[in-house]
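The values are calculated or read from the model by the stated rules, or taken from the named source; none is laboratory data. Owing to the predicted nature of the structure, the values given are computational and were not obtained by experimental measurement. Every residue, glycine as well, gets a Cβ built from its backbone with ideal geometry; the counts of neighbours run over all protein chains shown.
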Amino acid sequence: MSATITPPYAPVRSLVGLAVGTDHKGVALRLGGAAFAFFLAGGILALLMRAELAQPGMQITSRGGYDQLFSMHGSTMIYLFVTPIALALGTYFVPLQVGAAEIAWPRLNLLGFWLLVLGGMIMWSGFLTRGGAGSAAWTGEYPQSAAIHSPGAGMDLWCAGVALAGLAGIALAASQIATIAGRRAPGMTLLRMPVFTWSMLVTCLMTVASFPALVLAMALLLADRHGAAIFDSAGGPAAYQNIFWFYGHPVVYVMFFPFLGAVLEVVSTFSGRRVFGYRAVVISLLVFTALSMSVWGHHMFTTGQVANGYFSLTSTMLAIPAGLEYLAMIGTMVGGAIVLRTPMLFALGFIVQFLVGGLSGIYVASPPLDYHVHDSYFVVAHFHYTLLAGSVFGLFAAVYYWWPKVTGRLLFERLGRVHFWLFVLGTHLTFIPQFVLGYEGMPRRVADYSPAYGWGGWNTVSTVGAGIVALSVVVFIVNVALTSIAGRPAGADPWEAHTLEWATTSPPPRHNFTAALPAIRSPAPLLDLREEAIL
Amino acid sequence: MGNVRLARGGGWECPLWLPGTRHDFAHVQDLYLPVAAAVFAVVLVALAFTLVRYRARPGRAPRPTRDHYAVDAGLAVVLGVVVAVLVTVTLRTNDEETALARAGFRVDAIAFQWGWQFTYPSRPGVVDRSAPGRPATLHVPAGTTVQVDLRTRDVVHAFWIPDLRFKRDAWPHKTARFDLRFPPGTAAGVGHCAQFCGLKHSDMVFFVDAMDRARFATWSRQGGRRA
Amino acid sequence: MLVLWTDDVVAVVLLPGAILVVLVVALGAARARDPGERWVPEASASAALGAGALALLALGAVAGLWAALIGAGLLLLALIAAVRERRG
């Protein structure tokens, strides 16, 4: 990691520095902070939705209002929370893990951050317009999103915001790919990169490959809404869906792989062992990635417009690399000395709960089954298990794990455990009823339902669960606040971890490493050092 | 698919049991659910065992990782076999489920914002249409093939009858054709629009009246007025 | 393989298109490997300006041509500023 340090400006620590500073760590923190703020905003929308649905009848809002709630909830969570925070983990830790002093394209990286923030603000400004925010679902369902069915600036602002968020992803991902390609420390070959870095590499490759389709879809939709007859033909709506879902499926893996990588690091650290089957992990990540680019039609099984057989085959095949990843996670623990600190608890939660999402995913990959549960609460439960009960658990595993490295202080263990158990209880209470409701016939994206169906009971349970999830997030925020006042100093390596980010101070200095790096002979250089010291 | 003939005037002959979407669904689910449950159980047990057996104890050091790529390869093969079985059953059932019979009781279904209209080519003049506050009723003969041609007047909608475990989207400029068989004894059921279509999406309900031979004959005779 | 199953042009073109994009990016990244020293910026006003410019461009669809034109102009300025920042 040789870099000439010749700043054109003096180090900027002021408010201006927050706007234009290019230190990848600062950008990552700002990005993560913005994404978390969007998480809270999207979460409030979810609580409003659940409050409305708990019982039949419209108690909180109108039908039009509800349509805005669910559209903006999904849009915020996907475009503005999970995707950016997944990329932000890489923005912070990929340069550190490969032993670089700085990310490869710092200006492009900063551009990405600002595109995300501005895109989010533009999307949300839709709420201030007369017609309200975009309300054609997070997917911009066409022709519902056409000018004739969704008039008003809110929908246009939504399209613009989403396009900017898509561009943001591309910028952030490209910087990480360039870092991995050209900034690795001497001795770090591709097959000595940590699994987290590998997971970020495939994530970023998928991002640059698929996000352009999103930007294209939004640009075409905007043009269509303003007079150009783009999707207004017999094949138009299908073309929109093909382009959109070509982005729409890989993005869910963009929202999964970084957390899978982080969980593998956590499991490896808290078992005291290297990752089991490192090469198999790398290969299965690559296969998973390639395959995930060719399954998008499974979102369109009921349309009659795609080759259901082909997409069912590729989608079901995803079980193979997924199974190998699970083998790696459990195999790493076997033979270890497992310590159940908070990051490990969240990692275990991820392993169990993502599996529910994954298995329900194999279920809906079968068209005869999907013909029943598609567009019902069953599929809502499926993707919330993968995203909330899965990826967000993985996110918290990463947060509790890396918090001491980033801030220099440890989060409180006991509060972390309270957060974990409340979150577990909350997610199951919220989403198990939704599997039942969808199976029994409750469609999704409905503002209300008739009391005759008898769905009020399960809906109320689900709403209670959502409240518990919210409570768990409050506990986390309290933990963060208390820690910043009175947290224990962490030191460079509080967990006895394996990878290079733990070889520097907490937090790392401006250019990441001041002392010489340890010799890199494996994906776990610090573990190598420790084992040598024992011998 | 059995021997089904529709005589003019509403009578029919049918075998004792007809396959249909509900049967196809159950056939696939009877495989998928046990497989999913088994996988979940295996992972849970493996995880629980590992957590107990390999919990950190004073004096116990972790065993250095040794890769056994044969295990990975073996798992990949096993999963490959499972996937092959699942996909084979799925594709075969899907072909059956989406196959179209040569003849049946035809229904023209039109979805619009925000209701349904059902007309029956063999019963000209009979129209079942949604009105505000009064959902449309789909009248069909039970126990025989019903051929639906589904269209939309505006945006994408979806025709979903949960009791039949089947839905299909209605797309602009396209006609979706599918066959349904309503089990004998289903007096009434409910249908929903499952594809978000705007303001009153949640109100786009329709009722299903799958009539036995006698009632169907009455309904046909009376031009759909009372059944 | 999808070609065997469908004659939907859009669906068939998307995947090879994406593969092409990835290959270009990978090639670009591989050639970007530079041997050692580089200037590392501390701050980049051009990046922030560029983001604002792109946002205005996108808003042009909502607000009107004037916003898009201002955005395009600002983008040009941002690109010039970026080049000057790189030169140091």
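Does the stretch B:95-108 contain any residue that is over 30 Å from A:Val364 (Cα atoms) and not aliphatic (A, V, I, L, M)? Scanning the stretch B:95-108 turns up at least one residue that is over 30 Å from A:Val364 (Cα atoms) and not aliphatic (A, V, I, L, M).
Matching residues to (1) within 14 Å of chain A (Cβ to nearest Cβ); (2) surrounded by 19 or more Cβ atoms within 10 Å (Cβ to Cβ); (3) within 30 Å of A:Ala137 (Cβ to Cβ); (4) modelled with pLDDT of 95 or more:
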site	(1), (2), (3), (4)
B:Ala111	yes, yes, yes, yes
B:Gly125	no, no, no, no
B:Gly143	no, yes, no, no
B:Phe159	yes, yes, yes, yes
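Of the strands (runs of 3 or more DSSP E) lying entirely inside the stretch B:76-148, those carrying at least 1 residues that are in the same structural domain as B:Lys167 (by TED's automatic domain parsing) and either in contact with a Lys or Arg (Cβ under 7 Å, 6 or more places away or on another chain) or under 20 Å from A:Ser315 (Cα atoms) (or both) are B:105-112, B:115-119, B:136-141. The single condition among (1) away from chain B (no Cβ under 13 Å); (2) within 30 Å of A:Leu529 (Cα to Cα); (3) not polar (S, T, N, Q) that A:Leu482 does not meet is (2). Restricting attention to the stretch A:480-505, the residues that are among the polar types (S, T, N, Q) and modelled with pLDDT under 90 total 0. For the stretch A:332-343, a residue qualifies if it is more than 7 Å from chain B (Cβ to nearest Cβ) and surrounded by fewer than 24 Cβ atoms within 10 Å (Cβ to Cβ), and the qualifying residues are A:Leu340, A:Arg341. Residues of the stretch A:379-415 that are surrounded by fewer than 23 Cβ atoms within 10 Å (Cβ to Cβ) and over 19 Å from the mean Cα position of the chain (by Cα): A:Val406, A:Thr407, A:Gly408, A:Arg409, A:Leu410, A:Phe412, A:Glu413, A:Arg414, A:Leu415. When we screen A:Tyr247, A:Tyr253, A:Tyr326, A:Tyr310 for residues that are free of Cβ contacts under 8 Å to residues at least 40 places away in the same chain, within 30 Å of B:Trp171 (Cβ to Cβ), of a type in the set (Phe, Trp, Tyr) and assigned to a helix (DSSP H, G or I), the only hit is A:Tyr310. I'd like the full set of residues that are out of contact with any Ser or Thr (no Cβ under 8 Å at 6 or more places or on another chain) and part of a helix (DSSP H, G or I), limited to the stretch A:230-244. Hits for the stretch A:230-244 are A:Gly236, A:Pro237, A:Ala239, A:Tyr240, A:Asn242, A:Ile243. When B:Ser202 is tested against (1) closer than 23 Å to A:Tyr439 by Cα; (2) over 18 Å from the mean Cα position of the chain (by Cα); (3) part of a strand (DSSP E or B); (4) not charged (D, E, K, R), only condition (3) is not met. Tell me, please, whether a residue that is in a loop (DSSP other than H, G, I, E, B), among the polar types (S, T, N, Q) and surrounded by 21 or more Cβ atoms within 10 Å (Cβ to Cβ) can be found in the stretch A:486-502. Yes: one or more hits.
For the stretch B:156-183, give me each residue that is of a type outside the set (Phe, Trp, Tyr), touching a residue at least 40 places away in the same chain (Cβ under 8 Å) and farther than 17 Å from B:Val205 by Cβ. Answer for the stretch B:156-183, where residues must be of a type outside the set (Phe, Trp, Tyr), touching a residue at least 40 places away in the same chain (Cβ under 8 Å) and farther than 17 Å from B:Val205 by Cβ: B:Val156, B:Arg165, B:Arg177, B:Asp179, B:Leu180, B:Arg181, B:Pro183.
Just one of the numbered conditions (1) in a loop (DSSP other than H, G, I, E, B); (2) within 20 Å of A:Val215 (Cα to Cα) is not true of A:Trp124: (1).
Here is a check on your reading of the model: is A:Val267 assigned to a helix (DSSP H, G or I), surrounded by fewer than 21 Cβ atoms within 10 Å (Cβ to Cβ) and within 11 Å of another protein chain (Cβ to nearest Cβ)? In short, no. For the stretch A:509-524, indicate whether the set of residues that are at pLDDT below 95 and part of a helix (DSSP H, G or I) is non-empty. Checked the stretch A:509-524: no residue is at pLDDT below 95 and part of a helix (DSSP H, G or I). Restricting attention to the stretch C:19-47, the residues that are modelled with pLDDT of 75 or more and not in a helix (DSSP H, G or I) total 6. A:His299 satisfies every condition listed in (1) in contact with an Asp or Glu (Cβ under 6 Å, 6 or more places away or on another chain); (2) under 23 Å from B:Ala176 (Cα atoms) except (1). In the stretch A:13-110, counting only helices (runs of 4 or more DSSP H) that sit wholly within it, the ones holding 3 or more residues that are buried (at least 23 other Cβ atoms within 10 Å of the Cβ) span A:24-53, A:63-75, A:83-97.
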